[in-house]
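Would you mind keeping the following structure in view while I ask a few things?
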Amino acid sequence: MTNQNIGKYRWTICALIFFATTVNYLDRAVISLLKPYLTAAFQWSDEDAVINYTNIEIAFKFSYAFGMLFAGKVIDKLGTKIGYALSTCLWSISAIAHALATGTMGFSVARIFLGVTEAGNFPAAIKTVAEWFPKKERALATGIFNSGSNIGAIVAPISVPFIAENWGWQWAFVITGAIGFVWLVLWFIYYEIPSKQKRLAQAEYNYITQPETGESGTTKEVDSAEKEVLEPISWKVLIQYKQTWAFAIGKLLTDPIWWFYLFWLPDFLDKQYGLKGTQVALPVALVYAIASFGSICGGWLPMNLINKGMPVFKARKTSMLIYAFCVTPVIFSQYLGNINMWYAIIVIGIAAAAHQAWSANIFTTVSDMFPNRAIGSVTGIGGMFGGLGGILLSALVQKKLFVYYESIGQIGTGYFIMFIICGAAYLLGWSIMHFLVPTFKKIEL
């Protein structure tokens, strides 16, 4: 390894998990853009379309929620290299299998398998960041890979309607699902844990593994953090800590908001502004382009505060509070949209950006508070709660709310209520997290 490459390889790893997250979100976003095509193909009425689509969405969220719980344990058991590869391989097969569906039941089954297998992405990604980055860089690295969720959501509206228009909706699932196998090849070429990675210079290894005090790291032969991977912690132990519940409740309240944007934004643009098919591509892509900046900047702010001397945990919580306030203007998106549709798009984009900034930091709190061998499991527990929140939002709010207001011809009111929920969720989540964990305490397991 030449001197000019020292200090760069960990960002190659970050690029790999960014790519995986992009594919992950591309595969799950495809169906939201095919709703009009599926409605026509299966001759659903407007009310049937809302009910069937919501049921399909719930099937994904339910399986994703419980998949997250077990995925975290699997990642901790198998390690990041094999665990991540297995998850990506299986979710790519599941994504392609959507093309074989012939109705609501078929799509629900495909979504169940997609949800279970896609659940491995975030536990594996967060664990990879913890293995490859020192604490002060983890939020930035998390923000960068997490921005892949926005890129996936940008690529989807640009490509999926075009594929569906020209080759049919089945090919939209096949082509996007196949991209995961490209990632698998790159993963096996470039990835290994730091102590076994021959491309990694000793100087960068020392930087990655340095203690929090800033002292130099140890040699590759002495890597207790990586040995911890072999000793995962049981859920029974982890749920005894307030730190686990703070992360889980934060995810419960805020993950459903992102999923609302992901699954219902195209429908909102259709119902509110009459945009159909390829017409939604530009506004949806703009929302997620704005969100990408939020994801990366969300990781930069706490790192900057830490570099200026603020304690890590305080920097993380201060940043999250700022992002929570940045979401609240989404409540006024429809009012602004009555002036000009693009005002609504920009406000929703800012809210999505704030969510991604929040997400980059709430994920990083896990590696702040827990040792490496528990990161996958805690991330999985939080992911399960996030999925359960999505199910509750779909079943108790969207399914009842949207069906009712659709039936009386006032779907705009249903969306207004949803935007109020979106605007309040993060401040509530931050308050509960602060109450449970007011000061930083590293868990010793």
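Remind me, relative contact order of the chain in percent, using alpha carbon pairs under 8 angstrom and six or more residues apart?
27
Determine the share of segment 240-330's accessible area contributed by carbon and sulfur atoms, expressed in whole percent, with a 1.4 angstrom probe.
70
Under 18 Å from a point placed 7 Å out from the Cα of residue 300 along the Cα-to-Cβ direction: which residues of segment 134-148 have their backbone N that close?
The answer is 136-148, whose backbone nitrogens lie closer than 18 Å to the label point.
If you don't mind, there's one more thing I want to ask. Once R0 is set to 41 Å, what does the formula 1/(1 + (r/R0)^6) return for the Cβ-Cβ distance between residue 432 and residue 8, expressed as a FRET efficiency to the nearest 0.05?
0.55
Which value in nm describes the separation of the simple spin-label points at residue 278 and residue 400, placed 7 Å from the Cα toward the beta carbon?
Between residue 278 and residue 400, the label points sit 4.2 nm apart.
On to the next question. With a point put 7 Å past each Cα toward its Cβ, work out how far residue 167 is from residue 102 in nm, to one decimal.
Taking the simple label geometry, residue 167 and residue 102 are separated by 2.3 nm.
How large is the charge dipole for the chain, taken about the Cα centre, if only the Cβ atoms of Lys, Arg (+1) and Asp, Glu (-1) carry charge, to the nearest 20 debye?
Here the chain has a charge dipole of around 840 debye.
Calculate one ³J(HN,Hα) per residue across segment 401-418 by plugging θ = phi - 60° into the Karplus curve 6.51 cos²θ - 1.76 cosθ + 1.60, and present them in order as whole Hz with x for glycine and proline.
5, 5, 5, 5, 6, 5, 5, 9, x, 10, 4, x, 5, x, 5, 4, 4, 4
Per residue of the chain, what 222 nm ellipticity follows from adding -39500 (n - 2.57) for every DSSP H run with n ≥ 4, rounded to the nearest 500?
After summing the helix terms and dividing by the residues of the chain, the value is -26000 deg cm²/dmol.
Cβ under 9 Å from residue 368's Cβ, residue 368 left aside: what net charge do those residues give with Lys, Arg +1 and Asp, Glu -1? Don't skip to the end; give the middle numbers.
Numbers: positive: 135, 138, 316, 442; negative: none.
Net charge around residue 368: +4.
Note the angle between two axes, namely the Cα long axis of helix 80-97 and the longest principal axis of the Cα atoms of the chain, as a number of degrees from 0 to 90, rounded to the nearest 10.
10
Let me ask something else. Carbon-plus-sulfur fraction of the accessible area of segment 135-204, 1.4 Å probe, in percent?
67
State, to one decimal in nm, how far the label point of residue 440 lies from the label point of residue 196, with both points 7 Å from Cα in the Cβ direction.
Output for this residue pair reads 3.1 nm.
Tell me the per residue accessible area of the chain using a 1.4 Å probe; a whole number in Å² is fine.
I get 39 Å² per residue for the chain.
For residue 188 and residue 236 in the same chain, what is the full-extension length gain: residue separation times 0.36 nm, less their Cα-Cα distance, in nm?
13.9 nm
In segment 364-430, what percent of the accessible surface is made up of carbon and sulfur (1.4 Å probe, ligands and nucleic acids excluded)?
The C+S portion of the solvent-accessible surface of segment 364-430 is 73 percent.
Using only Cα atoms, locate the centre of segment 324-372 and the centre of segment 243-293, then give the distance between them in Å, rounded to an integer.
For segment 324-372 versus segment 243-293, the Cα centre distance is 10 Å.
Next up: Would you mind counting up the charge near residue 66? Only other residues with Cβ under 15 Å from its Cβ, with Lys and Arg at +1 and Asp and Glu at -1.
That works out to +2.
Rank 117, 40, 143 by how far each Cα sits towards the positive end of the charge dipole of the chain (+1 on Lys, Arg Cβ; -1 on Asp, Glu Cβ) and give me just the farthest.
Among 117, 40, 143, the one farthest towards the positive end of the dipole of the chain is 143.
The values are calculated or read from the model by the stated rules, or taken from the named source; none is laboratory data. Bear in mind that the values here come from a model prediction, so they are computed numbers and not experimental data. Please note: Cβ atoms are built from the backbone with ideal geometry, for glycine as well, and neighbour counts cover all protein chains shown. Remember, those area values only see protein heavy atoms, side chains included, never the ligands or the DNA or RNA. Shrake-Rupley method; radii C 1.70, N 1.55, O 1.52, S 1.80 Å.
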